[in-house]
Amino acid sequence: AVYHSTGRRRAFRMTSTVQIRDGATEIVRRPRASAVNGEMTLVASTEPVVEGVDFLDWAAAADDELLGTALRAWVRMVREREEQDGRVSPDLVPHNLMVTPSTELVVVDQEWAASVDGDRAVQRGLFWLAARLSQRVPPTRWSVATVGELAAHLAALAEVAVAPDWLTALVHEEARIQAAVQLPSSAGTTDEFIAACERDLAEVLGTTLE
(Lines give C-alpha, C1' and ligand atoms only; values in the text may rest on other atoms or scores of the structure.)
Protein backbone atom coordinates (compact mmCIF):
# COMPACT_ATOMS: atom_id res chain seq x y z
CA ALA A 1 0.00 0.00 0.00
CA VAL A 2 1.19 3.52 -0.81
CA TYR A 3 0.15 6.66 1.05
CA HIS A 4 0.80 10.33 0.28
CA SER A 5 0.87 13.22 2.72
CA THR A 6 -1.76 15.84 1.93
CA GLY A 7 -2.34 19.46 2.89
CA ARG A 8 1.35 20.31 2.57
CA ARG A 9 3.30 22.50 0.25
CA ARG A 10 4.67 20.50 -2.64
CA ALA A 11 8.25 20.54 -1.35
CA PHE A 12 7.19 18.90 1.92
CA ARG A 13 5.12 16.01 0.65
CA MET A 14 6.07 12.49 1.67
CA THR A 15 5.26 9.11 0.13
CA SER A 16 4.93 6.19 2.54
CA THR A 17 4.91 2.58 1.33
CA VAL A 18 3.97 -0.42 3.46
CA GLN A 19 5.89 -3.45 2.30
CA ILE A 20 6.86 -6.93 3.46
CA ARG A 21 10.52 -7.91 3.29
CA ASP A 22 11.99 -11.13 4.68
CA GLY A 23 8.69 -11.81 6.39
CA ALA A 24 8.65 -8.49 8.28
CA THR A 25 6.32 -5.58 7.59
CA GLU A 26 7.98 -2.18 7.32
CA ILE A 27 7.12 1.37 6.33
CA VAL A 28 9.37 3.10 3.80
CA ARG A 29 9.12 6.90 3.68
CA ARG A 30 10.60 8.95 0.89
CA PRO A 31 10.34 12.71 0.32
CA ARG A 32 8.74 13.52 -3.01
CA ALA A 33 11.15 16.44 -3.43
CA SER A 34 14.22 17.85 -1.75
CA ALA A 35 12.75 19.99 0.99
CA VAL A 36 14.69 22.31 3.24
CA ASN A 37 13.01 25.34 4.82
CA GLY A 38 15.00 26.74 7.70
CA GLU A 39 15.05 24.03 10.33
CA MET A 40 12.44 21.83 8.63
CA THR A 41 14.06 19.11 6.53
CA LEU A 42 12.37 15.88 5.43
CA VAL A 43 14.42 12.70 5.68
CA ALA A 44 14.02 9.29 4.06
CA SER A 45 13.50 6.43 6.51
CA THR A 46 12.55 2.78 6.83
CA GLU A 47 10.81 1.69 10.02
CA PRO A 48 9.51 -1.71 11.13
CA VAL A 49 5.83 -1.92 11.99
CA VAL A 50 5.80 -2.01 15.79
CA GLU A 51 3.56 -4.38 17.72
CA GLY A 52 1.80 -2.46 20.43
CA VAL A 53 -0.67 0.29 21.25
CA ASP A 54 -0.65 3.85 19.97
CA PHE A 55 0.55 6.09 22.81
CA LEU A 56 -2.54 8.28 22.60
CA ASP A 57 -4.85 5.30 23.04
CA TRP A 58 -2.70 4.03 25.89
CA ALA A 59 -2.54 7.43 27.59
CA ALA A 60 -6.29 7.90 27.31
CA ALA A 61 -6.78 4.86 29.55
CA ALA A 62 -3.89 5.55 31.96
CA ASP A 63 -4.10 7.24 35.36
CA ASP A 64 -1.79 10.10 36.31
CA GLU A 65 0.76 7.79 37.94
CA LEU A 66 1.17 5.62 34.84
CA LEU A 67 1.01 8.58 32.49
CA GLY A 68 3.63 10.46 34.48
CA THR A 69 5.97 7.47 34.44
CA ALA A 70 5.63 7.16 30.66
CA LEU A 71 6.10 10.89 30.08
CA ARG A 72 9.26 10.94 32.17
CA ALA A 73 10.59 8.00 30.14
CA TRP A 74 9.86 9.93 26.95
CA VAL A 75 11.63 13.03 28.28
CA ARG A 76 14.67 10.91 29.12
CA MET A 77 14.60 9.56 25.57
CA VAL A 78 14.60 13.11 24.19
CA ARG A 79 17.47 14.15 26.46
CA GLU A 80 19.54 11.08 25.53
CA ARG A 81 19.12 11.77 21.81
CA GLU A 82 19.99 15.42 22.32
CA GLU A 83 23.13 14.46 24.23
CA GLN A 84 24.07 11.99 21.51
CA ASP A 85 23.32 14.08 18.42
CA GLY A 86 23.21 17.66 19.68
CA ARG A 87 19.68 18.16 18.31
CA VAL A 88 16.48 16.12 18.07
CA SER A 89 13.66 15.78 15.58
CA PRO A 90 10.65 18.03 16.20
CA ASP A 91 8.62 14.85 15.63
CA LEU A 92 10.04 13.10 18.72
CA VAL A 93 6.73 13.61 20.52
CA PRO A 94 4.27 11.34 22.39
CA HIS A 95 1.83 10.98 19.50
CA ASN A 96 4.68 9.40 17.54
CA LEU A 97 5.24 6.67 20.12
CA MET A 98 4.00 3.11 20.43
CA VAL A 99 3.69 1.26 23.72
CA THR A 100 4.77 -2.37 23.35
CA PRO A 101 3.26 -5.27 25.32
CA SER A 102 6.23 -4.94 27.71
CA THR A 103 5.38 -1.19 28.11
CA GLU A 104 8.50 -0.10 26.24
CA LEU A 105 8.18 3.16 24.33
CA VAL A 106 9.16 2.91 20.66
CA VAL A 107 9.51 5.93 18.37
CA VAL A 108 7.64 5.83 15.04
CA ASP A 109 6.66 8.16 12.19
CA GLN A 110 9.86 10.19 12.11
CA GLU A 111 9.77 12.38 8.98
CA TRP A 112 11.88 15.34 10.02
CA ALA A 113 15.61 15.70 10.53
CA ALA A 114 17.02 16.51 13.97
CA SER A 115 16.82 20.29 14.10
CA VAL A 116 15.54 21.49 17.49
CA ASP A 117 16.82 21.39 21.04
CA GLY A 118 15.40 19.00 23.60
CA ASP A 119 13.38 21.62 25.47
CA ARG A 120 11.52 22.63 22.36
CA ALA A 121 10.78 19.04 21.36
CA VAL A 122 9.44 18.29 24.85
CA GLN A 123 7.28 21.41 24.98
CA ARG A 124 5.94 20.75 21.49
CA GLY A 125 5.09 17.18 22.52
CA LEU A 126 3.26 18.30 25.65
CA PHE A 127 1.20 20.84 23.72
CA TRP A 128 0.06 18.38 21.07
CA LEU A 129 -0.52 15.62 23.61
CA ALA A 130 -2.85 17.91 25.54
CA ALA A 131 -4.68 18.91 22.35
CA ARG A 132 -5.17 15.28 21.28
CA LEU A 133 -6.08 13.89 24.70
CA SER A 134 -8.68 16.62 25.12
CA GLN A 135 -10.56 15.02 22.21
CA ARG A 136 -10.25 11.44 23.51
CA VAL A 137 -10.73 11.63 27.26
CA PRO A 138 -13.81 12.83 29.20
CA PRO A 139 -13.14 16.17 30.93
CA THR A 140 -13.94 14.60 34.30
CA ARG A 141 -10.66 12.68 33.97
CA TRP A 142 -8.72 15.92 34.56
CA SER A 143 -8.67 18.53 37.31
CA VAL A 144 -8.22 21.35 34.78
CA ALA A 145 -10.56 23.28 32.50
CA THR A 146 -8.72 24.11 29.26
CA VAL A 147 -6.24 22.54 26.85
CA GLY A 148 -3.59 25.01 27.98
CA GLU A 149 -4.11 24.01 31.61
CA LEU A 150 -3.95 20.36 30.58
CA ALA A 151 -0.61 20.98 28.86
CA ALA A 152 0.70 22.52 32.09
CA HIS A 153 -0.62 19.53 34.06
CA LEU A 154 1.17 17.12 31.70
CA ALA A 155 4.38 19.13 32.11
CA ALA A 156 4.07 18.68 35.88
CA LEU A 157 3.52 14.93 35.47
CA ALA A 158 6.60 14.77 33.26
CA GLU A 159 8.56 16.78 35.85
CA VAL A 160 9.49 19.32 33.20
CA ALA A 161 10.30 22.84 34.39
CA VAL A 162 8.73 25.43 32.10
CA ALA A 163 8.69 29.22 32.04
CA PRO A 164 5.40 31.01 32.82
CA ASP A 165 5.03 32.07 29.17
CA TRP A 166 6.16 28.78 27.60
CA LEU A 167 2.88 28.11 25.81
CA THR A 168 2.75 31.59 24.29
CA ALA A 169 6.28 31.17 22.95
CA LEU A 170 5.51 27.67 21.71
CA VAL A 171 2.41 28.80 19.81
CA HIS A 172 4.49 31.48 18.07
CA GLU A 173 7.15 28.97 16.98
CA GLU A 174 4.63 26.28 16.01
CA ALA A 175 2.72 28.76 13.86
CA ARG A 176 5.90 29.53 11.97
CA ILE A 177 6.52 25.82 11.33
CA GLN A 178 2.96 25.19 10.18
CA ALA A 179 3.02 28.17 7.84
CA ALA A 180 6.24 26.90 6.28
CA VAL A 181 4.95 23.37 5.68
CA GLN A 182 1.20 23.58 5.15
CA LEU A 183 -0.78 24.84 2.19
CA PRO A 184 -2.46 28.15 3.03
CA SER A 185 -6.25 28.00 3.22
CA SER A 186 -6.63 31.35 1.45
CA ALA A 187 -4.63 33.92 -0.48
CA GLY A 188 -2.47 36.31 1.49
CA THR A 189 1.07 37.09 2.54
CA THR A 190 3.33 34.76 4.48
CA ASP A 191 3.03 36.98 7.56
CA GLU A 192 -0.76 36.83 7.31
CA PHE A 193 -0.67 33.04 7.10
CA ILE A 194 1.64 32.81 10.14
CA ALA A 195 -0.71 35.11 12.07
CA ALA A 196 -3.69 32.95 11.10
CA CYS A 197 -1.89 29.80 12.26
CA GLU A 198 -1.00 31.51 15.52
CA ARG A 199 -4.62 32.49 16.12
CA ASP A 200 -5.79 28.94 15.47
CA LEU A 201 -3.23 27.46 17.87
CA ALA A 202 -4.03 30.03 20.56
CA GLU A 203 -7.68 29.07 20.17
CA VAL A 204 -6.73 25.42 20.76
CA LEU A 205 -4.99 26.40 24.02
CA GLY A 206 -8.08 28.20 25.24
CA THR A 207 -10.48 25.41 24.30
CA THR A 208 -12.61 24.26 27.22
CA LEU A 209 -12.50 20.54 27.98
CA GLU A 210 -15.96 19.20 27.30
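The values are calculated or read from the model by the stated rules, or taken from the named source; none is laboratory data. On a predicted model such as this, the values are computed, not experimentally measured, just so you know. SASA here: full protein model, heavy atoms, side chains in, ligands and nucleic acids out. Shrake-Rupley method; radii C 1.70, N 1.55, O 1.52, S 1.80 Å.
Note on Ser186: accessible area is roughly 80 Å² with a 1.4 Å probe, heavy atoms of protein only. Nonpolar atom fraction for the stretch 48-89, defined as the carbon and sulfur part of the 1.4 Å probe accessible area, stands at 47 percent.
Less than 5 angstrom separates the built amide H of Val108 from those of Leu97, Met98, all sequence-distant by 5 or more or on a different chain.
Given a cut-off of under 8 Å on Cα pairs at least six residues apart, what relative contact order in percent is computed for the stretch 79-143? Normalised by residue count, the contact order of the stretch 79-143 is 35 percent. Averaging the sequence gap over all C-alpha pairs within less than 8 Å and six or more residues apart, then dividing by the number of residues, gives the chain a relative contact order of 18 percent. Solvent exposure of Leu167, expressed as accessible area, is near 30 Å², computed with a probe of 1.4 Å over the protein chains only.
Stokes-Einstein, applied to the Kirkwood radius of the stretch 110-181 over Cα pairs at a viscosity of 1.567 mPa s and 4 °C, places its translational diffusion at 99 µm² s⁻¹. With all protein chains kept in place, the per residue accessible area of the stretch 84-169 amounts to 43 square angstrom at a probe of 1.4 angstrom.
P(r) tail for the chain: Cα pairs beyond 22 Å make up 54% of the total.
Only Cα pairs under 8 Å and 6+ residues apart enter the sum, and on that basis the relative contact order of the stretch 4-120 stands at 23 percent. Surface calculation, 1.4 Å probe, protein heavy atoms: Glu192 sits at approximately 110 Å² accessible.
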